[in-house]
Amino acid sequence: MPANRAPLEFYGHPLPGIDTSELQGKLIVIEGPDVVGRSTQIQQLRFWLEHSGYAVVDTGMARSALTMKGIQDAKNGHTLGPLTMGLFYMTDFADRLENVVIPALRAGFVVLTDRYIFSLIARAAARGQNVRWLEEVAGIALVPHATFYLRAEVDDLAARVVCGPGQFDYWESGMDVPYGKNRCDSFVKYQTKLIEILDGMAGHYNFKIVNAGKKPVLIFRQLQRQITRVLQGVEK
Amino acid sequence: MSRFAPNRYRGKLIIVEGIDGSGKSTQLSLLSQWLRSQRLAVSFSEWNSSDMVKGTTRRGKKKQMFTPTTFSLIHATDFADRHERYILPMLKAGAVVCADRYAYTAFARDVARGVSRAWVRNLYSMAIKPNLAFYFRVPLDVALDRILGGRAALKYYEAGMDLDLSQNIVESFRIFQSRILEEYEAMSGEMGFHVIDATQSIETQQQQMRQIVMDRIGAALENDILRSPLEIDRAG
């Protein structure tokens, strides 16, 4: 019951004007590297949850109404520096947090978010930025009810690119750093680094690790089981 | 507590701060002319002027999409882009970088908007510490007379209309600017501002500024700073 449910907390710096005791909904994060299959899972989870009678809002990185165009333009220009990138994505995050996530939680929705502050911090860290600095900037984030980390090996990610889009994306390959002389080498090294960083965050941020090497249907069933427990308040 | 990065480069960073109507931009422009006339390589950076970010800022302002947090973050993003693409390389190259407003503007404005003081200070801890920070102290009424007498219309965010301080835009501007003024005054000692009494005549203020520059970084200007090439020296 809402009465004895512990309110959501902020990681570090409460946003001005937010009373967390009003936030009735559930915040569920799906994290993981590029191309690991997060959005497919979210699509199915949403369908399942709505079918079960829950109202769902989904949101994801770089989808903010404020910054979507600016970030896209900046990425097309190839002059986006690592510091600017980190803060631009943080602006995107804050805009969605305040205008999408929090209003939905207040209205009692289940919020499914495709990545959270973790990818954002990992990407900046992989570009040599100070992690503790960015973690403090990201202290305005709410602690989710659950964070599922879809974890895959880098070979699996490369295979997904080859058989999916068929080419390595400039940014997903970390070519702005760059990590290698060509996109394939750079992709492998950069994604390996990201996996390493996310693995390192798992304990501190209480990630529930999901083996993304399994069949999608098995991943979905595992997520279903664990999300059911979260919604029933069995797991926090 | 300011946690800026020390300036280990050949160049020097001079910044000006103060509320709207304090006359700081006029003074900085006179100072940079004087430095240029000595054949020093001078570059100039203005708050909120990144080509990459300002489109997003403009859009957010026009559509009134900002919260105090996203307003703070988009300005930090703008600052980051200017810092990593312009201010830092210019300092490395050995220029005098003159900045019209710096992180202190965010410390004053964003806190006046209700953003956490510790959070916004951390946000800018990636910035290089200025060699000289001038603060133009002016009573609110003097600044308001200069602003309201000199131009047509106050803008929504500069008047703090997002804070619901007053329905009347002039009154809102007055309350908001007085809060910013309080923040500037409170941080002045801690930040090591060189305080200029901005009610004095323009030429008196400029003389004081030049004197402080000579006293504090005169030797560096003489020995370390890059000279401008002769062929673009129009004065000679």
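None of the figures in this text is laboratory data; all of them are computed from the coordinates on show. Predicted model, so just to flag it, every value in this text is computed and none were measured. Here the Cβ is made from the backbone with ideal geometry for all residues, glycine too, and neighbour counts use every protein chain on show.
Database remark: amide H of B:LYS129 closer than 5 angstrom to the amide H of B:ALA5, B:ASN7 (H placed geometrically; neighbours at sequence offset of 5 or more, or on other chains; Pro and chain starts carry no H).
Calculated mean residue ellipticity at 222 nm for the protein assembly as shown: -14500 deg cm²/dmol, from DSSP H runs with n ≥ 4 weighted as -39500 (n - 2.57), summed, divided by the residue count and rounded to 500.
Listed by chain and number, the aspartates and glutamates placed with their C-alpha closer than 19 angstrom to that of A:LYS26 are A:GLU9, A:GLU50, A:ASP58, A:ASP95, A:GLU98, A:ASP114, A:GLU235; residues fewer than eight positions away on the same chain are left out. Residues in region A:89-94 carry Karplus couplings, in order, of 5, 5, 5, 4, 4, 5 Hz; the curve used is 6.51 cos²θ - 1.76 cosθ + 1.60 with θ = phi - 60°, and Gly or Pro positions show x.
The 3J(HN,Hα) values that the Karplus relation (6.51, -1.76, 1.60; θ = phi - 60°) gives for region B:76-92 are, in residue order, 5, 5, 4, 4, 4, 5, 5, 5, 7, 9, 10, 4, 4, x, 5, 5, 4 Hz. Gly and Pro appear as x.
Neighbouring Cβ atoms from other chains, within 10 Å of the Cβ of residues in A:80-86, number 6 on average.
DSSP finds beta bridges in chain A, and of those with both partners inside it, around 5 percent are antiparallel. The HN-Hα couplings worked out from phi for region A:185-200 by the Karplus form 6.51 cos²θ - 1.76 cosθ + 1.60 (θ = phi - 60°) are 4, 5, 4, 4, 5, 5, 5, 4, 5, 4, 4, 4, 5, 5, 4, x Hz, whole numbers, x standing for Gly and Pro. Taking a straight Cα-Cα cut-off under 26 Å and skipping sequence neighbours fewer than 8 places away in the same chain, the lysines within cross-link reach of B:LYS61 are A:LYS69, A:LYS75, B:LYS24, B:LYS155.
Residues whose amide H falls under 5 Å from that of B:VAL195, counting only those 5 or more places apart or on a different chain, are B:TYR135, with hydrogens built in the peptide plane. Separation of region B:172-189 and region A:142-205, taken as the distance between their Cα centroids, equals 45 angstrom.
Annotation for region A:58-103 versus region B:112-132: alpha-carbon center distance of 21 Å. Each of A:LEU87, A:LEU45, A:LEU27 has some number of other Cβ atoms within 10 Å of its Cβ, and from fewest to most they run A:LEU45, A:LEU27, A:LEU87. The protection proxy used here, the mean number of other Cβ atoms lying within 10 Å of each residue, ranks peptides B:16-27, A:158-169 as follows, highest first: B:16-27, A:158-169.
Out of the DSSP beta bridges found with both residues in region B:12-230, what percent are antiparallel (nearest 5)? Provide the component values of the computation, followed by the final result.
On the way: 1 of 19 bridges.
The antiparallel fraction comes to roughly 5 percent.
DSSP finds beta bridges in the protein assembly as shown, and of those with both partners inside it, around 5 percent are antiparallel.
Per residue of A:65-71, how many C-beta atoms from partner chains lie within 10 Å of its own C-beta, taken as a mean?
Details: counts 4, 11, 9, 1, 3, 11, 4.
Other-chain Cβ atoms within 10 Å of each residue's Cβ, averaged: 6.
Measuring nothing but how far apart in sequence close Cα pairs (under 8 Å, 6+ apart) lie, relative to its length, chain B scores a relative contact order of 34 percent.
Over the whole of A:137-149, what's the average partner chain Cβ count within 10 Å per residue? Rounded to a whole number, please. Before the final figure, lay out the partial values.
Working: counts 8, 0, 4, 6, 0, 0, 0, 0, 0, 0, 0, 0, 0.
Per-residue shielding by partner chains comes out at 1.
Only counting other Cβ atoms within 10 Å, I'd like A:VAL154, A:VAL217, A:VAL131 sorted with the fewest neighbours first.
Values: A:VAL154 18, A:VAL217 9, A:VAL131 14.
Taking fewest neighbouring Cβ atoms as first place, the list is A:VAL217, A:VAL131, A:VAL154.
In this structure the amide hydrogen of B:SER45, modeled in the peptide plane, comes within under 5 Å of the amide hydrogens of B:CYS98, B:ALA99, B:ASP100, none closer than 5 places in sequence on its chain.
Order by neighbour count: B:HIS194, A:HIS51, fewest other Cβ atoms within 10 Å first, most last.
Details: B:HIS194 18, A:HIS51 8.
Lowest to highest Cβ neighbour count: A:HIS51, B:HIS194.
When the Cα gyration tensor is reduced to axis lengths a ≥ b ≥ c, the ratio a/c is 1.5 or higher for chain B, and with a/b above b/c it is classed as prolate. For region A:1-156, the relative contact order is 44 percent, taking Cα pairs closer than 8 Å that sit 6 or more residues apart in sequence and dividing their mean separation by the residue count.
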